[in-house]
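Structure first, then comments.
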Amino acid sequence: MHPNFSGGGAKKEKIKTAVRAYFDMGGMEIQFNVVERETLLQAQEHPEKYENLLVRVSGFSTYFVELDKVLQDEIIARYMHRI
């Protein structure tokens, strides 16, 4: 989720509606990474500058730069699913 998306008003309602719909359809777990796509891309190019960038992956937190590039690309691709 883009950091500017969080907040109140209509944005908050969209998030709440999406989360509620997910669980109503049988979803069991949800997790958000609040980071800009550009930051993730920069972390791939310059991992030494982003050693402390944490992301949530399948129920655990890990350092983005320690992930395999395939999984990094998957996380970046998920960013494109915006509300």
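The values are calculated or read from the model by the stated rules, or taken from the named source; none is laboratory data. Here the structure is a predicted model, which is why all the values come from computation and not from measurement. In this analysis, Cβ positions are derived from the backbone assuming ideal geometry, glycine residues included, and neighbour counts consider all displayed protein chains. These area figures cover heavy atoms from the full protein model, side chains too; ligands, DNA and RNA do not enter into them. Shrake-Rupley method; radii C 1.70, N 1.55, O 1.52, S 1.80 Å.
Below, the figures for the structure above:
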{"quantity": "Residues of segment 55-76 classified as under 12 Å from A43 (Cα atoms), surrounded by 13 or more Cβ atoms within 10 Å (Cβ to Cβ) and of a type outside the set (V, I, T), total", "calculated": "5"}
{"quantity": "Selection from segment 26-59 of residues that are modelled with pLDDT under 85 and over 24 Å from K12 (Cβ atoms)", "calculated": "V57, S58, G59"}
{"quantity": "Looking only at segment 36-51, and only at residues there that are in contact with a helix residue (DSSP H, G or I) (Cβ under 7 Å, 6 or more places away or on another chain) and part of a loop (DSSP other than H, G, I, E, B), the one that is most open to solvent (accessible area, probe 1.4 Å)", "calculated": "E51"}
{"quantity": "Output for segment 23-49, where each listed residue is over 16 Å from the mean Cα position of the chain (by Cα) and either of a type in the set (F, W, Y) or within 23 Å of D73 (Cα to Cα) (or both)", "calculated": "F23, E45, H46, P47, E48, K49"}
